[in-house]
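Working notes, beginning with the structure itself.
The values are calculated or read from the model by the stated rules, or taken from the named source; none is laboratory data. Please read these numbers as outputs of a predicted model, since none were measured by experiment. Every residue, glycine among them, receives a Cβ derived from its backbone with ideal geometry; neighbour counts consider all protein chains shown.
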Ligand SMILES: [Zn+2]
């Protein structure tokens, strides 16, 4: 009997050791959940009516979660606050896009930047305080303490320097306009390059997403208007793109950037630990 128990214990210890080895091998092979080849972060900037009216129903149809970077002074945010709150209840992320959307007024084509919203006139302390206030307001809506950030106009140069390092610690990740990610090593910090497509074709959206799958990285896409409003994507193209992602669920893990960035940090840490001798 004793002999039987000892051999059973030995077997179970060996099985456990095997399982552990097996799990870490699988983790190395598949960086993203469920063996996906790439993560896809769909985001929608500026709190626009066309996002609530056109994008949200399409996301719901495919059971996808996205990130809505809300400008808290946007009329569509102020008037439809309950609807944005419902998005959080449905699992979407309410991301921080500041309150007043301050951008650099001196750039060409920036006539629309009001004098009191010129980032070049704001010291770091002012924009940082606004971003913190926006976080507090968003927490009132969704109860969350972890979220991500996209700087308005993807600009971070305030009057007295780059404000991003000061506020980056408040977020699990920040998106900045940039080229496609071709290696996970590019994501060691917590900024994610994102694409701002304006009137993209379906083929362009698919090509961008497929290159992420090829490299095993993230396709981060920042939409603005959907079927109307500024920097818009055509409504049908947006619908077809979401349908494409849904048809390729095994390849693409579509989720909010809050969830993707937390997964990314966990996996990168694990990889670093595993690679230590
Ligand atoms: Zn914006």
Does residue 140 fit the bill of being in contact (Cβ under 8 Å) with a residue 24 or more places away in the chain, surrounded by fewer than 19 Cβ atoms within 10 Å (Cβ to Cβ), away from the ligand (no atom under 16 Å from the Cβ) and assigned to a helix (DSSP H, G or I)? no
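Yes/no per residue for (1) loosely packed, with under 14 Cβ neighbours inside 10 Å; (2) within 16 Å of residue 65 (Cβ to Cβ):
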| site | (1), (2) |
| --- | --- |
| 190 | no, no |
| 213 | no, no |
| 225 | no, no |
| 236 | yes, no |
| 246 | no, yes |
| 256 | no, yes |
| 259 | no, yes |
| 265 | no, no |
Condition test on residue 203, is it at pLDDT 95 or above, under 30 Å from residue 112 (Cβ atoms) and in a helix (DSSP H, G or I)? no
Boolean, residue 199 is surrounded by fewer than 16 Cβ atoms within 10 Å (Cβ to Cβ) and over 21 Å from residue 258 (Cβ atoms): yes
Condition (residue is within 16 Å of the ligand (Cβ to nearest atom), in a loop (DSSP other than H, G, I, E, B) and modelled with pLDDT of 95 or more) applied to the stretch 182-197: is it met by at least one residue? yes
Looking at 201, 217 in this structure, which one is out of contact with any strand residue (DSSP E or B) (no Cβ under 9 Å at 6 or more places or on another chain) and away from the ligand (no atom under 16 Å from the Cβ)? 201
Of the residues that sit in the stretch 41-50 and are under 16 Å from the mean Cα position of the chain (by Cα) and not in a strand (DSSP E or B), which one is nearest to the ligand (Cβ to nearest atom)? 46
Might you check whether a residue that is away from the ligand (no atom under 16 Å from the Cβ) and part of a helix (DSSP H, G or I) occurs anywhere in the stretch 145-163? no
Given the structure, is residue 67 within 14 Å of residue 170 (Cβ to Cβ) and either touching a residue at least 12 places away in the same chain (Cβ under 8 Å) or within 14 Å of the ligand (Cβ to nearest atom) (or both)? no
Unmet requirement for residue 213, which otherwise passes all of (1) modelled with pLDDT of 95 or more; (2) in contact with a helix residue (DSSP H, G or I) (Cβ under 9 Å, 6 or more places away or on another chain): (2)
Search the stretch 164-178 for residues being touching a strand residue (DSSP E or B) at 6+ places or on another chain (Cβ under 6 Å) and assigned to a loop (DSSP other than H, G, I, E, B), and hand back the single one that is surrounded by the most Cβ atoms within 10 Å (Cβ to Cβ). 173
